[in-house]
Amino acid sequence: MGKFLWALLLCVPVFAAKLTVAVTLQPYASIVQEIGGSDVDVVALVPPGADPHTFEPKPSSLKEFSKAVAYFSDGSGIDEAWLPRFTGVNKMVKVFALSNGIDWIEGGKHHHPEDRDLDPHLWTSPLQLQRVAHNVCEALASLDEPHADKYRARSAKLMQRLANQDLELRTTIEKLSPESRTFIVFHPAYGYFARDYGMTQLTVEVKGKEPKPRDVFDLIKTGKENHVGIVFVQPQFSKRSAATIAKELNAVILETDPLAFDYESNIRALIKAIQDNVKK
Ligand SMILES: [Zn+2]
């Protein structure tokens, strides 16, 4: 075999190694998996159903993390409390922030003691998710240039779907009377959804805790004034006071998991519930 052919063979890897990328939460894992396709393995630090607010990394997820070449942080600071444990087992990991272009909700409204006062629940707004998807695509393309075109093609598909969903939300919510655009959730997970689509989110919990009777009373009053027909709860949190409030408002309780991998179905379920429960 001539020298030239050898040189050629050495330049072309026979087995392209998959890129292992870690992310914080399930909805982001879903985005990275879609854009990464078969070229990327995704590790989510917070497993399905776990509550990131009280999350303690298990040895198994630390082990998974040790395989990652890159970690995509959402940039909200939600991971600050436990990230050092992960980077402690993987000192070579490249850290990327997915927050380029994100229009953060700031201020003391959210309670996470570990964050820097930025509302971390970006994944309930298709508008913010388009920015996350763009950032994921750029990060993957820079990590793995030979596959950059594939990442861009998959990302374009996802961006189109998110844009459709964004439009669908706008047109659906436009049809709701202005008096029916308030909803109650236990935990304020839908702040971006509410702000970006002209809804109002009222929350049951107070600073991350069960409300006091006085808070429940006030929320029932506000709920009545705003014709709230639905109270959302999620599996990570208590349903006790939400049930009392729903009963008083003659509202239904709907359990959705905003932290699920399938964030799109969750957004659909949310909007359908709001539509179905508009009080005449
Ligand atoms: Zn939260």
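What follows draws every value from the coordinates through simple rules; no lab data is involved. Because the structure is a prediction, the values reported are computed rather than measured. Here Cβ is always computed from backbone atoms with ideal geometry, including for glycine, and neighbour counts include all displayed protein chains.
Computed quantities for the displayed model
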{"item": "Asp41 paired with Val69, simple spin-label distance in nm, labels 7 Å along Cα-to-beta-carbon", "result": "1.3 nm"}
{"item": "Per residue, the convex hull volume that the Cα atoms of the chain enclose (Å³)", "result": "127 Å³"}
{"item": "Over region 16-167, relative contact order from alpha-carbon pairs under 8 Å, at least 6 apart, %", "result": "23 percent"}
{"item": "Positive minus negative residues near Asp144 (Lys, Arg vs Asp, Glu; Cβ under 13 Å)", "result": "0"}
{"item": "Calculated FRET value between Glu106 and Glu174, using beta carbons and R₀ = 22 Å, to 0.05", "result": "0.20"}
{"item": "Aspartates and glutamates with Cα under 19 Å of Lys94, excluding same-chain neighbours fewer than 8 positions away", "result": "Asp39, Asp41, Glu64, Asp74, Asp79, Glu80, Glu138, Asp144, Glu145"}
{"item": "Two-site label geometry, Thr87 and Glu255: point separation in nm, points 7 Å out along Cα→Cβ", "result": "3.7 nm"}
{"item": "For the chain: relative contact order, % (alpha-carbon pairs under 8 angstrom, 6 or more apart)", "result": "17 percent"}
{"item": "Among beta bridges that DSSP assigns inside region 176-276, antiparallel share in %, nearest 5", "result": "10 percent"}
{"item": "Label-point separation in nm, Lys18 to Ser142, each point 7 Å along Cα→Cβ", "result": "2.5 nm"}
{"item": "Fewest-first ranking of Ile267, Ile274, using other Cβ atoms within 10 Å as the exposure measure", "result": "Ile274, Ile267"}
{"item": "Estimated dipole of the chain in Debye, rounded to 20 [Cβ of Lys and Arg +1, of Asp and Glu -1, Cα centre]", "result": "280 debye"}
{"item": "Sorted peptide list for 47-53, 76-82, criterion being average Cβ within 10 angstrom, highest first", "result": "76-82, 47-53"}
{"item": "Shape box of region 163-237 [Cα atoms, principal axes, largest first, Å]", "result": "40, 27, 17"}
{"item": "Rounded to the nearest 20 debye, dipole of region 93-249 from Cβ charges on Lys, Arg, Asp, Glu", "result": "400 debye"}
{"item": "Out-of-range pairs (alpha-carbon distance over 28 Å; input Lys58/Lys150; Lys18/Lys58; Lys63/Lys239)", "result": "Lys58/Lys150; Lys63/Lys239"}
{"item": "Lys, Arg +1 and Asp, Glu -1 on Cβ, resulting dipole of region 16-167 about Cα centre, debye, nearest 20", "result": "480 debye"}
{"item": "Net charge contributed by nearby residues that have their C-beta within less than 14 Å of Ser155 (K/R +1, D/E -1)", "result": "+1"}
{"item": "Positive dipole terminus of region 176-276, leading residue within Leu176, Leu259, Thr200 (C-beta point charges)", "result": "Thr200"}
{"item": "Charge tally in the Cβ shell below 12 Å around Asp262, where Lys, Arg are +1 and Asp, Glu are -1, Asp262 excluded", "result": "-2"}
{"item": "Gain on full stretching of the segment that runs from Thr222 to Lys94 - 0.36 nm per residue minus C-alpha separation", "result": "41.4 nm"}
